[in-house]
Amino acid sequence: MASEDELEEIKRKKYEQMLQAQTGAAEEEGKRKEVEEAKRNILRQILTAEARDRLNNIKTAKPEFAAQIENQLIALAQTGRLKSMLNDAQLKEILQQIMPKKRDISIRRI
């Protein structure tokens, strides 16, 4: 059987591992928040209030799609392809080009 000292050493090592895991998770969360804040700041600079509202509505309904749009808009801004702020109508136009076309399905009964 293991002595009490050995058991205490094992407990101490496990505790240290837990602390390191928590610290790593906290650092990762902090980095994620920084990235999200940077994205929000860029979007504030390139979208009008109405366009941001539309994007937030899309984010509520389709979070993955909204994330793709955000990334594409940020890439456009960073490469200098956006000359001015996008308003709601311009964002709508972009969304219509990006969104997959809905297929009309008709069912004929015989």
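Here, each number is a calculation from the coordinates, and none is a lab measurement. Source: prediction; values computed, not measured. Ideal geometry is used to build each Cβ from the backbone, glycine not excepted, and the neighbour counts take in all protein chains shown.
In the chain, the DSSP-assigned H stretches of four residues or longer account for a calculated mean residue ellipticity at 222 nm of -26000 deg cm²/dmol, using -39500 (n - 2.57) per stretch and the full residue count as denominator. From the coordinates of this entry, P(r) over Cα pairs in 10 Å bins from 0, in percent is computed, and it appears in [x] 16, 50, 30, 4, 0; [y] 13, 37, 22, 12, 9, 6, 1, 0; [z] 11, 28, 18, 13, 12, 10, 6, 2, 0 under the label [z]. Near ASP5, within a Cβ-to-Cβ distance under 14 Å, what is the net charge of the other residues, with Lys and Arg +1 and Asp and Glu -1? Around ASP5, the surrounding residues sum to -1. The residue among GLN78, PRO100, ILE58 whose Cα reaches farthest toward the positive pole of the charge dipole of the chain, with charges on the beta-carbon of Lys, Arg, Asp and Glu, is PRO100. Looking at the stretch 20-110, the trypsin sites (Lys or Arg not before Pro) that sit in a DSSP loop and have at most 12 other Cβ atoms within 10 Å of their own Cβ are ARG81, LYS83, LYS101, LYS102, ARG103, ARG108, ARG109. Add +1 for every Lys or Arg and -1 for every Asp or Glu among the other residues with Cβ under 15 Å from the Cβ of ARG32, and state the total. Once all neighbours under 15 Å are counted, the net charge is -3. On a 0 to 90° scale, report how tilted helix 88-98 is relative to the longest principal axis of the chain, with both axes built from alpha carbons and the result rounded to the nearest 10. Long axis of 88-98 versus the principal axis of the chain: about 80 degrees.
Between ILE107 and TYR15, the contour length at 0.36 nm per residue exceeds the Cα-Cα span by 26.7 nm. At full extension, LYS31 and GLN68 could sit 11.3 nm farther apart than now, given 0.36 nm per residue minus the alpha carbon distance.
Might you report the magnitude of the Cβ-based charge dipole of the chain about its Cα centre, with Lys and Arg at +1 and Asp and Glu at -1, to the nearest 20 debye?
I would put it at about 1300 debye.
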